[in-house]
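Chemist: This is the structure I want to talk about, given as structure tokens.
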Amino acid sequence: MRQTVTGAWRLLRIAWRLDRRKTASAIFLMFGHVTMGPVMAAGLGVMTDAVVAGDGTTAAWYGVLVAILVMITLTFGNFAHIAYTELSEIAERDLTEELMLLSNGSEGIEHHERADYADELTVLRRDTRKLTLALEALFGTLGLVLFGLLTAILLGRVNLVLLLLMPIAALPPLLSGRWAETRIDRAKTSTAESTRIALNLFRLATSARFGGELRVFGLREELLRRHRQEWGRTSRGLAGAYTRGGAIRAAGQVLFGLAYTGAVLLVIRDVVAGKGTIGDVVLVMVLASQVNHQVITAITLLGTLQRVGSLLQRFRVVRELVTVTHPAPVDREPPRRLSDGIRLDDVDFVYPGTDKPVLSGVTLTLPAGASVAIVGENGAGKSTLVKLLCGMYQPSRGQILVDGVDLRRIPVHAWREQISAGFQDFARFELRTGDVVGLGDLPRMGDDGAVAVALDRAQGTDVVERLEHGLDTPLGKSYTNGAELSGGQWQKLAVGRALMRETPLLLVLDEPTSALDPQAEHRLFELYAEQARQVRASRGAITLFVSHRFSTVRMADLIIVLRDGRVVETGDHDGLMLRDGLYAELFGLQAKAYR
Ligand SMILES: Nc1ncnc2c1ncn2[C@@H]1O[C@H](COP(=O)(O)OP(=O)(O)OP(=O)(O)O)[C@@H](O)[C@H]1O
């Protein structure tokens, strides 16, 4: 109950914050709509008594009044509905935006690894779109409270027992409705994982991006089978809860039906005993049928409100999950230039929710002004190291020191402003081409000159030259006339984005060039190395890249070789070749393959 009330209160505050005028007019229209019901019942009662007494004029006047009230209630109801719908759309947009912000609102990405976060997010993604009904439910419920008060006054005037009976009779259906909703909500939480898997399979099966792979491997039936299996699990879990919920609700309504019949019989008994009029019977019958209708509405409305309450509660949980607590004080600014470099001091890392260390005892120095390459077999921990340097995760043990300052003490946003990155798993932003690149340095996003320079450095000018409207071409299927790009072309834009910031302290390139041919990648890294040398003097910037191509790696000033999360060798190409260890072995294997 508390969740329903706090949910309703929060929803009302959201509506008020978003549009006061619409909220006020929705409340006014709804109050007008519901108060007409009891007033109409009273009018019918008086009209009946006038007919029985043979007073045609009074009966006619009340008949006209009732007709006017019917028109008013219908008109108000109609306009109230329009007002709720408009408000609901604004509220839905607001919560959808909050969900987008929350998904990326934390400093790191640790919460994405958590099953509880993923579960909450699944339900939120699905249910936030159902908010359209929520405000209608809220205002409807407020209206019902007013309706209940008016009805109670009218019933009390006829028979005081009725005054007590009606609210008591309303309780079973209300309580049973709430109980049923709680069970359904619990079932939704417990089926969230299978829903998530099914939704993911649905996305895979309907995305053009994976269409080729699905066809080549003939995966259509297999995905369908798995989807059916997972969805079946969800449906079974929910169907049981819906059936039990339906039975609980029906039991509550049967009790109400019995009380309704009892109330009408009570008034009839009074009239027979000369303690009331026929008008009273009409009043009670009309009111009781309205109460019946309103209780059924109330069950639906309270159910919706309870769902909204739990939806808003989930928002709270997600907000708390993405809030990071800082064990160390955050009291240092990133340096303007690096003099010593970045040092990893005995760093271990374990992904949240797992217990196997992915990095163990990593101690390294990335010297200021150096170009550094990380090599190692698949799963060695290269990308994880990169993520730690970008502040996506905190080391489980040990420290990352930037010119001697623990990275945890530097505000993450300030550190990120000083770095730039291109990732293996880059984003395909479906936007204007210039903006796709310009996003890499938001303050200069509209600066097409800067975008052109970044693209030139990323060797991506040819991508734009082929587009009909150059940098103004919209990209992707979101647009009716959006241009389609190849994987390698998207990747060139992503590299351009990474190069928008001209002099970052740390430029990280985690295999962002895997779709380019080796010569193009080689040229690109020659340029980076050259750029790194140029900014070395001014900022001591470090260029860190991860690549499986040794023709690129060999250019680095420092090469770090990782195996199973440990640093096994470091040095430059010549030194490592002389050492004849893992690097020399991997290099030899690749060179042989090219011969
Ligand atoms: N989000 C995650 N949660 C749990 N474990 C993870 C996660 N991401 C990576 N791992 C594990 O961490 C290990 C190192 O992964 P990482 O991506 O750092 O390797 P990598 O050297 O970059 O590999 P590749 O060359 O294939 O890109 C792998 O064993 C992987 O299974």
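Chemist: Going by what's in this entry, would LEU204 be described as open to solvent by less than 50 Å² (accessible area, probe 1.4 Å), part of a helix (DSSP H, G or I) and over 21 Å from GLN294 (Cα atoms)?
Modeler: Working: open to solvent by less than 50 Å² (accessible area, probe 1.4 Å): no; part of a helix (DSSP H, G or I): yes; over 21 Å from GLN294 (Cα atoms): yes.
No, not satisfied.
Chemist: Something else now. If VAL282 meets every condition in (1) within 22 Å of GLY45 (Cα to Cα); (2) without any contact (Cβ under 8 Å) to a residue 24 or more places away in the chain apart from one, which number is that one?
Modeler: (2)
Chemist: Turning to a different aspect of this structure: Taking the range 463-522, which residues are of a type in the set (D, E, K, R) and under 13 Å from ARG428 (Cα atoms)?
Modeler: First pass over the range 463-522, keeping only residues of a type in the set (D, E, K, R): 465-466, 468, 472, 477, 484, 492, 497, 501-502, 510-511, 517, 521.
Those that are of a type in the set (D, E, K, R) and under 13 Å from ARG428 (Cα atoms): LYS477, GLU484, LYS492, ARG497.
Chemist: If you don't mind, there's one more thing I want to ask. Of everything in the range 433-472 that's among the polar types (S, T, N, Q) and surrounded by fewer than 20 Cβ atoms within 10 Å (Cβ to Cβ), which residue is nearest to GLU502 (Cα to Cα)? Even if it seems obvious, please write down each step before you answer.
Modeler: Our first condition is that a residue be among the polar types (S, T, N, Q); within the range 433-472, this holds for 433, 459, 461.
Those left that are additionally surrounded by fewer than 20 Cβ atoms within 10 Å (Cβ to Cβ): 459, 461.
Details: GLN459: 15, THR461: 17 Å.
Filtering first and then ranking leaves GLN459.
Chemist: Going by the conditions given, is VAL495 away from the ligand (no atom under 16 Å from the Cβ) and at pLDDT below 80? I'd like the intermediate steps shown before the answer.
Modeler: On the way: away from the ligand (no atom under 16 Å from the Cβ): yes; at pLDDT below 80: no.
No, not satisfied.
Chemist: Same structure again: Within the range 333-354, track down each residue that is within 16 Å of the ligand (Cβ to nearest atom), at pLDDT 85 or above and not aliphatic (A, V, I, L, M). Spell out how you get there, then give the answer.
Modeler: Narrowing the range 333-354 to residues within 16 Å of the ligand (Cβ to nearest atom): 344, 347-354.
Subset that is at pLDDT 85 or above: 344, 347-351.
Within the range 333-354, ASP348, PHE349, TYR351 meet the criteria.
Chemist: Let me ask something additional. Among VAL318, VAL330, VAL358, which is the only one that is touching a Phe, Trp or Tyr at 6+ places or on another chain (Cβ under 9 Å) and away from the ligand (no atom under 16 Å from the Cβ)? Even if it seems obvious, please write down each step before you answer.
Modeler: Numbers: VAL330 fails: touching a Phe, Trp or Tyr at 6+ places or on another chain (Cβ under 9 Å); VAL358 fails: away from the ligand (no atom under 16 Å from the Cβ).
From the options VAL318, VAL330, VAL358, the qualifying one is VAL318.
Chemist: In the range 117-135, is there at least one residue being surrounded by fewer than 17 Cβ atoms within 10 Å (Cβ to Cβ), at pLDDT 75 or above and within 14 Å of the chain's Cα centre (by Cα)?
Modeler: The answer is no, given that none of the residues of the range 117-135 is surrounded by fewer than 17 Cβ atoms within 10 Å (Cβ to Cβ), at pLDDT 75 or above and within 14 Å of the chain's Cα centre (by Cα).
Chemist: Please work out which one of (1) open to solvent by less than 40 Å² (accessible area, probe 1.4 Å); (2) of a type in the set (Asp, Glu); (3) part of a helix (DSSP H, G or I) is the condition GLU320 fails and give its number.
Modeler: (1)
Chemist: Please work out which residue is nearest to ARG126 (Cα to Cα), limiting yourself to the range 193-235 and to residues that are touching a residue at least 24 places away in the same chain (Cβ under 8 Å) and charged (D, E, K, R). Reasoning before the result, please.
Modeler: Kept after step one, since they are touching a residue at least 24 places away in the same chain (Cβ under 8 Å), are these residues of the range 193-235: 193-199, 201-202, 208, 226-227, 230-231, 233-234.
Restricting the remaining residues to those that are charged (D, E, K, R) gives 193, 196, 226, 230, 233.
Working: GLU193: 13, ARG196: 10, ARG226: 20, GLU230: 16, ARG233: 17 Å.
The qualifying residue nearest to ARG126 (Cα to Cα) is ARG196.
Chemist: Could you give every pair whose Cβ atoms fall below 7 Å, whose first residue belongs to the range 11-22 and is open to solvent by 100 Å² or more (accessible area, probe 1.4 Å), and whose second residue is at pLDDT 80 or above, counting only separations of at least 6 or pairs across chains?
Modeler: TRP16/THR23
Chemist: Oh, and also: Quick one: which residue in GLY422, GLY446 is outside any helix (DSSP H, G or I), within 16 Å of the ligand (Cβ to nearest atom) and at pLDDT below 90?
Modeler: Values: GLY446 fails: within 16 Å of the ligand (Cβ to nearest atom).
It is GLY422.
Chemist: Can you tell me which residues in the range 361-397 are of a type in the set (Gly, Ala, Ser), more than 12 Å from the ligand (Cβ to nearest atom) and surrounded by 17 or more Cβ atoms within 10 Å (Cβ to Cβ)?
Modeler: Those that are of a type in the set (Gly, Ala, Ser), more than 12 Å from the ligand (Cβ to nearest atom) and surrounded by 17 or more Cβ atoms within 10 Å (Cβ to Cβ): ALA368, GLY369, ALA370, SER371, ALA373, GLY391.
The values are calculated or read from the model by the stated rules, or taken from the named source; none is laboratory data. Since the model is a prediction, treat every value here as computed from it, not as a measurement. Cβ atoms come from the backbone with ideal geometry, glycine included; neighbour counts cover every protein chain shown. With ligands, DNA and RNA removed, areas are computed over all heavy atoms of the protein, side chains included. Shrake-Rupley method; radii C 1.70, N 1.55, O 1.52, S 1.80 Å.
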